[in-house]
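In what follows, a single structure is set out as structure tokens and then discussed.
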Amino acid sequence: MSGAEIGLALSVFLACAVEAVEALTIVLAVGTTRSWSSAMSGVAAAILALAAIVAALGHGLTSLPIDALRVLVGGLLLVFGLQWLRKSILRAAGIKAKHDELRTFMEESEAARVAGERHSGFDGYAFTIAFKGVLLEGLEVAFIVLTFGASQHRIALAAAAAGLAVLLVAAAGAAARAPLARVPENTMKLAVGVMLSSYGMFWGAEGAGASWPGGDAALLAIIPGMLAAAIAMAWMARRTDAATAPAPVAAIASSSAAAGERAPGRV
């Protein structure tokens, strides 16, 4: 297996693990508060829909000329990866709240409790929420599998990495019977954003006719460079936010009082 294929499998694995953790939280919430059988039926239906999407689009993508495919895939990965990277930078800078699986679990559980009376048979609410949660998170997984896999004509490898990530998250969730709140999800999202953006830049430039020094080895410089840039931007954003943040009311009041006491002519 080449270095590019290892990077492909690792990127897909991390991205799919993040999405699987978020989907697991939703399924656990409706399963524990409503109906496990209906929730799992929703999960199964969503997985079948995602498999059909990957099968239908995979053949069409791999039939494109390699240069056109890499320009398309590179552009999509770059746009998609920069979105992940922007949110990760804002979270690292403290400007955007970090994703909290426990809070999400409690919110989804409370919504499920007040959604209406539970039935002993099929629970439409549990089915719908589980189906929607897995499908929406899974669409991002399908996108990553298709783009990464098609660009190297290794959709099977990308699908295997995604499947392994989903199985590991599902097994961990079944063992813990609780949201995987201790998974370093925000750090993983930063890593995924760096990888998607780096591969998007690499493949997009290759598809446009550019030649990277060292070929695939150029990724060993692009990925650390992208990570360093993200860390630097998070540091700068944190300093800028701290400098522009309004001073606490108590501090303003005390400084005003002190200035008044020092003013000449005051009794």
Can you list residues from other chains, or at least 5 along the same chain, whose modelled amide H is less than 5 Å from the amide H of D123?
S38
Shape call for the stretch 73-139 from the C-alpha gyration tensor, a ≥ b ≥ c root eigenvalues: rounded (a/c under 1.5), prolate (a/b greater than b/c) or oblate?
oblate
For A51 and L82 in one chain, what is 0.36 nm times their gap in residues minus the Cα-Cα distance, to one decimal in nm?
8.5 nm
Taking a ≥ b ≥ c as the square roots of the Cα gyration tensor eigenvalues, with a/c under 1.5 meaning rounded and otherwise prolate when a/b beats b/c, else oblate, which class fits the stretch 1-160?
oblate
Counting Lys and Arg as +1 and Asp and Glu as -1, each charge on the Cβ, what is the dipole of the stretch 60-101 about the Cα centre in debye, to the nearest 20?
220
Of the listed peptides 135-148, 80-93, 41-54, 102-115, what is their order by residue-averaged count of other C-beta atoms within 10 Å, with the highest listed first?
135-148, 80-93, 41-54, 102-115
Inter-centroid distance (Cα atoms) of the stretch 168-223 relative to the stretch 82-115, Å:
20
FRET efficiency for W235 and F122 from the Cβ-Cβ distance with R0 = 41 Å, rounded to 0.05, comes out at 0.20
Given charges at Cβ of Lys, Arg, Asp, Glu: the stretch 3-241 dipole, positive-most of L85, V43, V134
L85
Farthest towards the positive end of the dipole of the chain, among Q152, L168, P65 and with Cβ unit charges of +1 on Lys and Arg and -1 on Asp and Glu, lies the Cα of L168
Residues whose built amide H sits under 5 Å from the amide H of R154, excluding neighbours closer than 5 in sequence, are none
For the chain, calculated [θ]222 nm from helices alone, where every DSSP H run of n ≥ 4 adds -39500 (n - 2.57):
-28000 deg cm²/dmol
Shape of the chain, Cα gyration tensor, a/c cut at 1.5:
oblate
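No lab work stands behind these numbers, since they all come straight from the coordinates. Predicted model only: the values in this text are computed from it and were never measured. As a convention, Cβ positions derive from the backbone with ideal geometry for all residues, glycine included, and neighbour counts pool all protein chains shown.
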